[in-house]
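Have a look at the structure below, then the notes.
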Amino acid sequence: QKPREAFVTLATTDSYSKGAVVVAKSLRRHGTTRSIVVMVTPNVSSTARSALSEVFDEVIVVDLLDSQDYLRLSLLGRPELGVTFTKIHCWTLVQFSKCVFLDADTLVVSNVDDLFDREEFSAAPDPGWPDCFNSGVFVFRPSLQTHTQLVQHANQHGSFDGGEGLVELLLQLLAGHRSVQTLPFVYNLSASTVYVTAAFKRFGHNAKIVHFLGSSKPWSSSGVDSSSQTMSRYWDMWWTEYRKDCEKEQGQSRQRTGRKQ
Ligand code: UDP
Ligand code: MN
């Protein structure tokens, strides 16, 4: 039996679902041969879910609060951690042997199936603090044992920033236990510093996955984010992808015939 591999994203709200739709469309545009799945929480509306099911192979409902009581208790005191905990649920997708997690605010601009040649754990540096990994793009192996370890660690140690830093902490923990590969920055490209803007001129043409990291997301405004001129081209590409008709069926037939778009 062929091992099943998948790209995975997460949407806990209708607006992040818009981002997730673009993740799937852009993966298909670049001819992925892997499954594309999205985890949603029960509060995501049926309208948003049906839009997701048009472009994803599977829409998997996960609980914002885990069934384990210790997690529920800890979440009661720290509701803002819920979303981050939900991301950890990707390790429960044991129907797949290997996965690549992509934040819902990423845009795939080239075929990235070569990420499945990488091992758990692989991630790219964070642009704000390059010694840390950014948790927007990472390669992992689903495992209930790892999931439990991550949840327990999260409960004991919390997060250094109350949010995404938690995943970073967990990923560092995993990395400490197994070999870690640093992905090239072009697999998680975000413009957050002047240096990136300068380096972008030289290396930007190699971009593979663009990450709209930060508080301003393409779907929350129709214009280009003026603070991020470097990204304006990708901001436009995001909107083009979002407005395009769903091509799930076409994308699959392209895969079968092996034709490139
Ligand atoms: N997310 C979500 N709902 C939220 C916040 C985050 O579903 O309310 C998911 C979504 O997949 C998102 C990821 O968690 O891409 C990380 O959050 P975000 O991308 O906003 O963080 P940033 O990359 O800007 O640090
Ligand atoms: Mn993100």
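Within the stretch 93-113, which residues are of a type in the set (A, V, I, L, M, F, W, C) and touching a Gly at 6+ places or on another chain (Cβ under 6 Å)?
Ala104
If you go through the stretch 1-14 one residue at a time, how many are touching a residue at least 60 places away in the same chain (Cβ under 8 Å), assigned to a loop (DSSP other than H, G, I, E, B) and either under 15 Å from Phe96 (Cβ atoms) or out of contact with any Leu (no Cβ under 9 Å at 6 or more places or on another chain) (or both)?
2
What residue, of Phe116, Phe96, is over 30 Å from Arg243 (Cβ atoms), modelled with pLDDT of 85 or more and touching a Lys or Arg at 6+ places or on another chain (Cβ under 7 Å)?
Only one candidate passes the filter, namely Phe96.
Residue-wise test of (1) part of a helix (DSSP H, G or I); (2) of a type outside the set (Asp, Glu); (3) away from ligand 2 (no atom under 16 Å from the Cβ).
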residue: Tyr16; (1), (2), (3): yes, yes, no
residue: Gly19; (1), (2), (3): yes, yes, no
residue: Ser26; (1), (2), (3): yes, yes, no
residue: Gly31; (1), (2), (3): no, yes, yes
residue: Ile36; (1), (2), (3): no, yes, yes
residue: Met39; (1), (2), (3): no, yes, no
residue: Asn43; (1), (2), (3): no, yes, yes
residue: Ala51; (1), (2), (3): yes, yes, yes
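Among the residues of the stretch 125-139 satisfying the criterion of being under 21 Å from Met39 (Cβ atoms) and either among the acidic types (Asp, Glu) or surrounded by 22 or more Cβ atoms within 10 Å (Cβ to Cβ) (or both), which is nearest to ligand 1 (Cβ to nearest atom)?
It comes out as Gly136.
I need a count of the residues in the stretch 176-196 that are assigned to a helix (DSSP H, G or I) and either over 23 Å from Ala104 (Cα atoms) or modelled with pLDDT of 80 or more (or both).
7
Taking the residues in the stretch 130-144 that are modelled with pLDDT of 90 or more and not small (Gly, Ala, Ser) as candidates, determine which candidate is farthest from Leu102 (Cα to Cα).
Taking the stretch 130-144 and keeping what is modelled with pLDDT of 90 or more, we get 136-144.
So of that shortlist, the ones also not small (Gly, Ala, Ser) come out as 137-142, 144.
Numbers: Val137: 5, Phe138: 7, Val139: 9, Phe140: 11, Arg141: 14, Pro142: 15, Leu144: 20 Å.
Top of the filtered list is Leu144.
Among the numbered criteria (1) modelled with pLDDT under 70; (2) surrounded by fewer than 13 Cβ atoms within 10 Å (Cβ to Cβ), which single criterion is violated by Gly163?
Only one criterion is unmet by Gly163, namely (2).
Restricted to the stretch 91-114, and to residues that are in a strand (DSSP E or B) and surrounded by 20 or more Cβ atoms within 10 Å (Cβ to Cβ), which residue is nearest to the chain's Cα centre (by Cα)?
So the residue we want is Leu102.
Can you run down the residue pairs with Cβ atoms below 8 Å, 6 or more apart or on separate chains, where the first is in the stretch 227-244 and modelled with pLDDT under 90 and the partner is part of a helix (DSSP H, G or I)?
Between residues of the stretch 227-244 that are modelled with pLDDT under 90 and residues that are part of a helix (DSSP H, G or I), the close pairs are Ser228/Trp235; Gln229/Thr197; Thr230/Val196; Thr230/Thr197; Thr230/Phe200; Thr230/Gly204; Trp235/Pro218; Lys244/Lys25.
Output yes when any residue across the stretch 28-39 is crowded, with 22+ Cβ neighbours inside 10 Å, at pLDDT below 95 and touching a Phe, Trp or Tyr at 6+ places or on another chain (Cβ under 7 Å), and no when none is.
No - not one qualifying residue is present in the stretch 28-39.
Could you tell me which residue of the stretch 115-140 is farthest from ligand 2 (Cβ to nearest atom), considering only residues that are among the hydrophobic types (A, V, I, L, M, F, W, C) and part of a helix (DSSP H, G or I)?
Once the filter is applied, the top-ranked residue is Phe116.
Across the stretch 145-160, which residue is nearest to ligand 2 (Cβ to nearest atom) among those that are more than 30 Å from Lys208 (Cα to Cα) and at pLDDT 75 or above?
The extreme case among them is Val151.
Is it the case, given these coordinates, that Gly77 is within 16 Å of ligand 2 (Cβ to nearest atom) and at pLDDT below 90?
no
The values are calculated or read from the model by the stated rules, or taken from the named source; none is laboratory data. These figures come from a predicted structure and were not determined experimentally. Neighbour counts are summed over all protein chains in view; Cβ atoms, including those assigned to glycine, are modelled from backbone coordinates with ideal geometry.
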